[in-house]
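Everything below concerns the one structure shown next.
The values are calculated or read from the model by the stated rules, or taken from the named source; none is laboratory data. Owing to the predicted nature of the structure, the values given are computational and were not obtained by experimental measurement. In this analysis, Cβ positions are derived from the backbone assuming ideal geometry, glycine residues included, and neighbour counts consider all displayed protein chains.
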Amino acid sequence: MTRAEQPQVVDPAPGATDEALAADSRERARQALLQVPRLRRLWEAQVAGGTADALALLVLILLSVQAALYVPEGGEPLFGGEYRGVALAVTVTIAVRLAATLIGGVLLLGPIAGLLGADGPLDRRWTMIGADALRVALLIVAPLWIDWLPDSAYVYLLITVLVTGLAERVWTVARDGVAPALLPPPPPEGAAVRPLPDHPEALRRLWLRTGYLAVPAAAAALVAAALLSNLLATRLGWFSEHQAAMASYIAAGLFASAISVLYFLRLPAAPPRRPVSPLEGLRTPASPAGAGKGRTGAVPFLVLGCAAVAAAIAAASALGVLHAADQGGGPVTFGLLVLALTGGVVAGVRLAPAVLPALSRRRLFALAIALTGLGLFGTGLISDPATVLFTAAATGTAAGIAAHTGHVLLEQETEDFRRPRLTRHLHAVSRVAVALAAVAAPLAAAFIGPHRVERGQFVIQHGGAAFTLMVLGALLLPVAAVVLGRTDDRRGVPLRRDLAEAVRAPDRNAPAPAATGFFIAVEGGDGAGKTTQTEALAEWIRGKGHEVVVTREPGATPIGQRLRTILLDVSSSGLSHEAEALLYAADRAEHVASVIRPALERGAVVISDRYLDSSVAYQGAGRDLSAAEVARISRWATGGLVPHLTVLLDVSPETARERFTEAPDRLESEPSEFHQRVRAGFLALAAADPARYLVVDAGQDPESVTTAARHRLDQMLPLSEAEIRAQEEARRRAEEEARRRAEEERRRKEEEERRERERQEELARIRAEEEERRRREEEQRRLAEELRRAEEARLRAEEARRRAEEERRRLEAEERVRREEEERRRKEAEEEARLRAQAEERRREKQRKAEEALLRAEQARRAAEDSTETQQLPRPAAAPDPDSEETATLPRPEDADGPSGTTRPLPVIGDGPAPDAAEGRGRPEWAEETPLDDVPTLADELLGPHRYEEEDEKGPDGPERR
C-alpha cells in the first residue's frame, strides 16, 4: 500500500481528499478539487459560461458577415462589399473582441479588482450574475439588429462584441477572486502525506483545461443549432434569413443556466488577492546566466514552436467562416471546420503520449509542427468540403501532439521551482501569438482576395482564405526545420531511419513494473553522482523499515564482474558497438534473473545504479545503433521489467568531467560529443514517459538532489512492514484515543447536562426571587412615587403661595419706589424752579448793577472830559505803628451797598459745570491756549453770561439745564 492509497483524511471541505492532490497524477488532483461541492458548482458555472462565451463569439462573427453583405438602398455595402468587405468585417469583429480583452484584462484590471475586492463596493457573486444577465440580453437582441436597423446593424454588433468581451473579463476577475477561498484548507500537521498538495496550481490547470475545451464544445453547439435552425426554416421563413439566431439563443440559454447555478451558490468572503493579467509572464523569466534557456538551451525554440502552432490553429479558426463560404457552406460548415481544428487539438493532446513512443520526443515535436503546416496547406488547397474537414481534423490532431510534446519537453528542460514561471511565459507568448494571428489572417485574406491560377491543365481557383491557409502552412515548415535543427538530440542519425524503427510493431515483451516490491533505477551520465545518491536513498529508505537491495550495472553478479572488466577496460577499445550492446544485455539478463527479481518477489526495495535506459542512451544515442533495437533487446533480456521510478541525474558533460577523481574508463574516455548525445538520449527517454521519470539537476549540491528524489519517493514508495505496524499501532491508539475521548465527551456531556439542569433550576429559583423582588420593589416604587407626587404637589402649592407673596411684595415695593421717585422728582422740580428763579434774580441784579456801573463810568468819563483837573484819589490814613496790636482799617467804598458788616457776595453759578469761556469766544489760530482761558472775565461778572451761554444751558428741545 502506497501513501497515495492510505485512508483518507477527513477534510473540512466535504469529499475533498488531500491524498489525491498529493498524488503524482494531476488528473486525480483536478478530480479531487471537483469533489468540493461549492467549487464544483462554480466550475459548472464556468463550463456553461465559457461555452456560451465562445459560442457567442462564433455567432457574432456570423452576424457580422450577414450585416456586411447587406446593401442599403442607394448606398454601398460595408467596406465596399464583396469578398474583401466580408473579410474586413470579420477582422474588425475579432479585433474588437481582442481590444475588449486587453482593456478589461490589462488596462482596467487593477480598478476592476479593486471594485470586486473584499473591501470593494461590488459583491462578486452578484457581479458574475449581472455579467451573465447582461450577455443574455445582448444575445437575445443581437439577431434582431439586422431587422430593426439594417443600415447600422454592424455598429451595434460591434458594441455587443465589446460589451460581451468586457463582461467576460469582469466575470473572470470575480471568479479568480473568490475561487481560492473555496479550496480545501491544508491538512492538519501530520495528518496527510508530504509534500502538501498544491491546490492553487491544480485549480489553475482546471481553469485552463476548461477554457480549452469550451471552444470545441461551442463549435459542436453551433453545428447542432445550425441544423436545428435549418429544420425550423422549412416551416418558418424567418430562420432561413437568420441562420445564426438559434445559436445566439442557445448561448443566451447557457448564460442563463450559469446564472441559475450562481444564484444558489453561497460564496465566502475571500481575502485580497493580486489579480492576474492574461499577459503576465510575457517577458522571459529572469534567471541566472544560461538557466533561462534550459538544460540544453532548447527553451526559446520550444516556446517558439508551441506559439507558432497555437497561432496557426487560431488563424485557421478565424478564417473558418470565409473558407466555409468559399466551399459553398454556411454556419454548419463553419462550425464543423472549427470543431475539426479545435477538437483535433484536444484529441492530439490526449493521444500524444502514445504516439510513436520509441521516437525521440524532440524529433516528434518538430515532425508534428511540420505535419500541422502540411495539413493547413492541404486544407487551403483542397476544394472538396468533406476532404477539407478530414484534413482539418488531422491538422488539429498534429497540432495537439505538438503542443503536448512541447510542454513536456519544456518541463524536462527546467527545474521544478522554475516551471511555474516558464509556464506563465509560454501561455503569455501563446496568447499574444494567437491574438495577432487571429487578426492578421482574415486581414491578409481581405488583401489577397479570390484568385484563379492556371498552369496548363492545372487550375486553382480559391478565395483569399484558402491562399492564406496555404501561406500559413508554408510558414510552419521553416519553423519546424529551425526547431529540429536547434533541439535535435540524435544528430547524425537519419530521421527516416528513426521514424521507420518507431513505427514498427512493438515486441511481445511489453514493459511492465514488478507486481511486488519497488524498483528504483538511478540513471545519468558519468560523473553525475549516481553512487552518492544511491547510497543516500538506500539509507533513507532503510530508515523507514524497508529491506533495501543496492545493486549496479554492469558487475552486480560474478558473471557481470567479468563482463564489466571487458566493457570498461580501456584495452577493449576495439569492441564493436553491436557486441557492446549485447554484452550489456547479457549482464542485464543475469542481473535481473539473479538479483533484481528475487529481491522484488520477497518485497524488497531495489535501487540499481544504471539499468535499461543506460543501454538505450549510450549504445542507442551515443553510438550509431538504433535506440529502438537496443531497447527491444534489453526488454527481451529482462522480460519487460521496468523500474517503478527512474531518477535521472542530469548534468552537463563539462561539469561531470570535473568530478572525475580516478583515471577514466573506456566510456568515460569518449569525447564530449558522445556524452552530449548520451545526455540528450536520457532526456528524450524521460520526455517520452514523464510519469515514470524524475529529472533532477545534478549540478546542485547532493543534499538538494536527495531532497528532490525523496519528494517523489514519498508519494510512490510502498509502506514498509514497520510503517504498516506503526500505522496499525497509530490507528489502534487513535481508535483508543477516540474511544477515550468519546467516553470523556459522553461524561462531559452528562456532566454538562446535569450542570445545565441544576443551572436551569437555580435560574428558575433566581428568576422567581427576582420576580418577587421586582414586584416588591415595584410596589415600593409605586408608593414612593405617590408620596413623591404628593410632596411635589405640596411643594408646588407652597411655591405658588411664596411666589404670590413675593409678587405682592414686589408690587408694593415697586409702588412705594414709584411714589418716592415721583415725590423726589416733584421736589427736584420745585427746587429747580426755585433755583432757576434765584439765578434769574441774581442775573437781573448783576445786569442792573453792571448797567449802573457803566452809567457811572460814562458819567465819570464825561466829567473828566469837562474838567482838566486830575481827580485825586483818597489818600490812606497815616500808617499805623508797627508795634501797635491794632490792624489798619481799609477804606470802605462809597458806593457800597448793603450792610456795613457784610462783604459783597460772589455771583452764584448754577450747579452744572462752568461754561467754557473759550467756547463762546473764538480764539485766533495763532493764539496759544493758557490756563487763564477758563477764568471768568470782568465783563462776565458784570454783564452775566452771553446769549449763547444761555442757549447752552437749555436743552436742544426743552427747558434749560441745570
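So which residues in the stretch 441-463 are surrounded by fewer than 17 Cβ atoms within 10 Å (Cβ to Cβ) and either at negative phi or among the basic types (Lys, Arg) (or both), if there are any at all?
Phe447, Pro450, His451, Arg452, Val453, Glu454, Arg455, Gln457, Phe458, Val459, Ile460, Gln461
Could you go through the stretch 592-600 and let me know if any residue there is in the same structural domain as Pro671 (by TED's automatic domain parsing), over 18 Å from Phe682 (Cβ atoms) and without any contact (Cβ under 8 Å) to a residue 24 or more places away in the chain.
yes
Quick check on the stretch 405-414. Is at least one of its residues touching a strand residue (DSSP E or B) at 6+ places or on another chain (Cβ under 8 Å), buried (at least 21 other Cβ atoms within 10 Å of the Cβ) and either in contact (Cβ under 8 Å) with a residue 40 or more places away in the chain or within 23 Å of Ser277 (Cβ to Cβ) (or both)?
Yes, the stretch 405-414 contains a residue that is touching a strand residue (DSSP E or B) at 6+ places or on another chain (Cβ under 8 Å), buried (at least 21 other Cβ atoms within 10 Å of the Cβ) and either in contact (Cβ under 8 Å) with a residue 40 or more places away in the chain or within 23 Å of Ser277 (Cβ to Cβ) (or both).
Return the only residue of Val483, Val522 being surrounded by 21 or more Cβ atoms within 10 Å (Cβ to Cβ), within 30 Å of Glu703 (Cα to Cα) and β-branched (Val, Ile, Thr).
Val522 is the lone residue from the list that is surrounded by 21 or more Cβ atoms within 10 Å (Cβ to Cβ), within 30 Å of Glu703 (Cα to Cα) and β-branched (Val, Ile, Thr).
Could you tell me whether the stretch 183-200 includes any residue that is farther than 20 Å from Val96 by Cα and at pLDDT 80 or above?
Yes.
Residues in the stretch 67-82 that are at pLDDT 80 or above and crowded, with 21+ Cβ neighbours inside 10 Å: how many?
Going through the stretch 67-82 one residue at a time, the tally reaches 2.
Quick test of your reading of the structure: Val483 fulfils all but one of (1) of a type in the set (Val, Ile, Thr); (2) in contact (Cβ under 8 Å) with a residue 12 or more places away in the chain; (3) part of a strand (DSSP E or B). Name the failing condition by number.
(3)
Quick check on this structure: which one of Val606, Val647, Val592 is in a helix (DSSP H, G or I) and of a type in the set (Val, Ile, Thr)?
Unique residue meeting the criteria: Val592.
So which helices (runs of 4 or more DSSP H) are wholly in the stretch 350-466 and hold at least 3 residues that are modelled with pLDDT of 90 or more and within 23 Å of Arg84 (Cα to Cα)?
Counting at least 3 such residues, we get 361-381, 419-448.
Determine if the stretch 714-728 includes at least one residue that is under 30 Å from Leu356 (Cα atoms), modelled with pLDDT under 85 and not in a loop (DSSP other than H, G, I, E, B).
So far as the stretch 714-728 goes, yes, one or more of its residues are under 30 Å from Leu356 (Cα atoms), modelled with pLDDT under 85 and not in a loop (DSSP other than H, G, I, E, B).
Have a look at Leu102, Leu60 and point out the one that is closer than 15 Å to Thr164 by Cα, of a type outside the set (S, T, N, Q) and out of contact with any helix residue (DSSP H, G or I) (no Cβ under 8 Å at 6 or more places or on another chain).
Leu102
Return the only residue of Arg562, Arg552 being among the charged types (D, E, K, R) and closer than 27 Å to Asp697 by Cα.
Going through Arg562, Arg552 in turn, the sole match is Arg552.
How many residues does the stretch 255-278 contain that are over 14 Å from the mean Cα position of the chain (by Cα) and modelled with pLDDT of 85 or more?
12
With respect to the numbered conditions (1) in a helix (DSSP H, G or I); (2) over 35 Å from the mean Cα position of the chain (by Cα), which one is the sole condition not fulfilled by Glu76?
With respect to (1) in a helix (DSSP H, G or I); (2) over 35 Å from the mean Cα position of the chain (by Cα), Glu76 is out only on (1).
Condition first: polar (S, T, N, Q), closer than 24 Å to Gly80 by Cβ and not in a helix (DSSP H, G or I). Can you find one or more residues in the stretch 156-177 that meet it?
Looking through the stretch 156-177, none of the residues is polar (S, T, N, Q), closer than 24 Å to Gly80 by Cβ and not in a helix (DSSP H, G or I).
Which one is modelled with the highest pLDDT, of the residues in the stretch 23-66 that are small (Gly, Ala, Ser) and part of a loop (DSSP other than H, G, I, E, B)?
For the stretch 23-66, the residue satisfying everything is Ser25.
Just to be sure I understand the filter: pairs with C-beta atoms under 6 Å, separated by 6 or more residues or on different chains, first member in the stretch 201-213 and within 13 Å of Gln31 (Cβ to Cβ), second member assigned to a helix (DSSP H, G or I) and among the charged types (D, E, K, R). Which pairs pass?
If the second residue must be assigned to a helix (DSSP H, G or I) and among the charged types (D, E, K, R), the pairs left are Ala202/Arg30; Leu206/Arg30.
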